[in-house]
Amino acid sequence: MQKTEDLNIAAFDLMPSPDEVKARIPITEEAVRTVVEGRRAIEAILDGRDPRMFGVIGPCSIHDAAAGLDYARRLRLLAEEVKDTLVLVMRVYFEKPRTSVGWKGFINDPYMDDSFRVDEGMERARRFLLQVNELGLPAGTEALDPHAPQYYGDLVSWTAIGARTSESQTHREMSSGLSTPVGFKNGTDGDVDAAVNAILSAGRPHSFLGVNGQGRSAIIRTRGNRYGHLVLRGGGGRPNFDTVSISLAEQALTRAKLPLNLVVDCSHANSWKKPDLQPLVLRDVVHQVREGNRSVVGFMVESFIEAGSQPIPEDLSKLRYGCSVTDACVGWDTTVEMVRQAREVLKDVLPRRDRG
């Protein structure tokens, strides 16, 4: 029988299985403790059992492990300082969805030279997450590739599904089996309906094609994830963190008979991708909570050691340390100021906040 040709496939390079990668970089007791405590803390906030808010804070993307760990150590100290009011989670993004083309992230191209050593990127990503958790700092990431959670999902405390993938059946099915709370972002046009439908879908059991720990194709059967929630990131040329937009989002969740849990992304369209506006967004949001809002349970901030962003140069030695190579971030000093100000506004309010 004549075979059809894989005309557009250049090669099939073997990838180590999830179990092989985990065996080379095993999870430690310290990391297990951090992951579990991080997940339980966020679940308690979403259930209304913990009056605190959680903040997912960190670089737009990880490209330099050394700078990333430097940042993690700083954030760990800040997290300890504000833990009475805020649960801080480090934003650790390894995969970058692109509108057209561009660097796809630390896993896809860890050397940023188009060598696409995904096998090495996956191991380096797992090692980085392990080191962050061993500091006692929980990590959050965006789930893009449906196979990636098999490699490092045991080291993640919170997961985001991006604006471009909230409508994807594949990502809704995957989310139904994740062991973390999952935040679904509204669409790039600002519409929240797709994300609300995603929360509903992920909350139910699914069966779908995936891979198991040995890397073999498997039918994955899930129980459903009851900790899906809505992330407002703006869109369609306007922000959606204002009181009217939040009220409309609450109404959408109410119609779907879902818990009123909202997280505000201070970056992206909510700040017109201008990092210097992120502090204003967070200030507005925490004052809404102070004035009586009960649905906003968390926030996201894109932050790194140095403010701004930089293009990836041909000579990688010219990269500026601690500066984003994707979206522009606020710098560390601004981050500290934002978090401390948020705590100051909220510290006398949250203990009295009844979300039961």
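Taking Phe208 as the residue in question, decide whether it is aromatic (Phe, Trp, Tyr) and either closer than 24 Å to Ser271 by Cβ or out of contact with any Asp or Glu (no Cβ under 9 Å at 6 or more places or on another chain) (or both).
Values: aromatic (Phe, Trp, Tyr): yes; either closer than 24 Å to Ser271 by Cβ or out of contact with any Asp or Glu (no Cβ under 9 Å at 6 or more places or on another chain) (or both): no.
When the stated conditions are applied, Phe208 does not pass them.
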Identity of the residue in the range 241-284, of a type in the set (S, T, N, Q) and free of Cβ contacts under 8 Å to residues at least 60 places away in the same chain, that ends up farthest from Gly308 (Cα to Cα): Thr254
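One line per residue, one yes/no per condition, for (1) surrounded by fewer than 16 Cβ atoms within 10 Å (Cβ to Cβ); (2) farther than 29 Å from Pro313 by Cα; (3) not acidic (Asp, Glu):
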| residue | (1), (2), (3) |
| --- | --- |
| Asn8 | yes, yes, yes |
| Asp13 | yes, no, no |
| Val36 | yes, yes, yes |
| Leu46 | no, yes, yes |
| Cys60 | no, no, yes |
| Ala66 | yes, no, yes |
| Leu77 | yes, yes, yes |
| Glu80 | yes, yes, no |
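Can you tell me which residue among Arg127, Arg91, Arg98, Arg76 is over 30 Å from Lys347 (Cβ atoms), modelled with pLDDT of 95 or more and of a type in the set (Lys, Arg)? Spell out how you get there, then give the answer.
Numbers: Arg91 fails: over 30 Å from Lys347 (Cβ atoms); Arg98 fails: modelled with pLDDT of 95 or more; Arg76 fails: over 30 Å from Lys347 (Cβ atoms).
Step by step, each of Arg127, Arg91, Arg98, Arg76 is checked, and only Arg127 is over 30 Å from Lys347 (Cβ atoms), modelled with pLDDT of 95 or more and of a type in the set (Lys, Arg).
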Out of the residues in the range 115-124 that are without any contact (Cβ under 8 Å) to a residue 40 or more places away in the chain and not in a loop (DSSP other than H, G, I, E, B), state the one that is farthest from Gly105 (Cα to Cα). Glu120
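Can you name every residue in the range 251-305 that is among the polar types (S, T, N, Q) and either at pLDDT below 95 or crowded, with 16+ Cβ neighbours inside 10 Å (or both)?
Just the residues of the range 251-305 that are among the polar types (S, T, N, Q), to begin with: 251, 254, 261, 267, 270-271, 278, 288, 293, 295, 303.
Once the filter is applied, which keeps residues that are among the polar types (S, T, N, Q) and either at pLDDT below 95 or crowded, with 16+ Cβ neighbours inside 10 Å (or both), the range 251-305 yields Asn261, Ser267, Asn270, Ser271, Gln278, Gln288, Asn293, Ser295, Ser303.
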For the range 286-297, does any single residue satisfy the condition of being in a strand (DSSP E or B), under 18 Å from Arg91 (Cα atoms) and under 19 Å from the mean Cα position of the chain (by Cα)? yes
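Which one of Ala72, Ala44 is closer than 20 Å to Tyr321 by Cβ, part of a helix (DSSP H, G or I) and of a type in the set (Gly, Ala, Ser)?
Values: Ala44 fails: closer than 20 Å to Tyr321 by Cβ.
Result of the check over Ala72, Ala44: Ala72.
Can you tell me how many residues within the range 47-68 are closer than 20 Å to Glu142 by Cα and not in a helix (DSSP H, G or I)? Show your work before the answer.
Going residue by residue through the range 47-68, those that are closer than 20 Å to Glu142 by Cα are 53-65, 67-68.
After this cut, where a residue has to be not in a helix (DSSP H, G or I) as well, the list is 53-64.
Residues meeting the conditions: 12.
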Regarding the range 246-255, can at least one residue be identified that is over 19 Å from the mean Cα position of the chain (by Cα), under 30 Å from Thr326 (Cα atoms) and among the β-branched types (Val, Ile, Thr)? yes
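Got a sec? Which of Gly183, Gly235 is touching a Ser or Thr at 6+ places or on another chain (Cβ under 9 Å) and within 21 Å of Gln150 (Cβ to Cβ)? If you could, list the steps in order and put the result at the bottom.
Values: Gly235 fails: within 21 Å of Gln150 (Cβ to Cβ).
Just a single option satisfies the conditions, and that option is Gly183.
Kindly indicate whether any position in the range 330-344 is farther than 25 Å from Phe54 by Cα and among the charged types (D, E, K, R). So that I can check it myself, show each step before the final result.
Let us first name the residues in the range 330-344 that are farther than 25 Å from Phe54 by Cα, namely none.
Within the range 330-344 (the criterion being farther than 25 Å from Phe54 by Cα and among the charged types (D, E, K, R)), the answer is no, since none of the residues qualifies.
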Taking the residues in the range 251-261 that are part of a loop (DSSP other than H, G, I, E, B) and not small (Gly, Ala, Ser) as candidates, determine which candidate is nearest to Glu173 (Cα to Cα). Leu258
Whether any residue in the range 1-21 is outside any loop (DSSP other than H, G, I, E, B) and either over 26 Å from Asn225 (Cβ atoms) or at pLDDT below 95 (or both) is what I want to check. yes
I'd like to know if the range 153-172 contains one or more residues that are within 18 Å of the chain's Cα centre (by Cα), over 29 Å from Leu282 (Cα atoms) and touching a residue at least 60 places away in the same chain (Cβ under 8 Å). yes
Give me a count of the residues in the range 238-257 that are over 17 Å from Val286 (Cβ atoms) and in contact with a Gly (Cβ under 8 Å, 6 or more places away or on another chain). 1
How about the range 224-250: which of its residues are among the charged types (D, E, K, R), surrounded by 17 or more Cβ atoms within 10 Å (Cβ to Cβ) and not in a loop (DSSP other than H, G, I, E, B)? Glu250
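The values are calculated or read from the model by the stated rules, or taken from the named source; none is laboratory data. Predicted model, so just to flag it, every value in this text is computed and none were measured. A quick note on method: Cβ atoms are made from the backbone with ideal geometry, for glycine too, and the neighbour counts reach across all protein chains shown.
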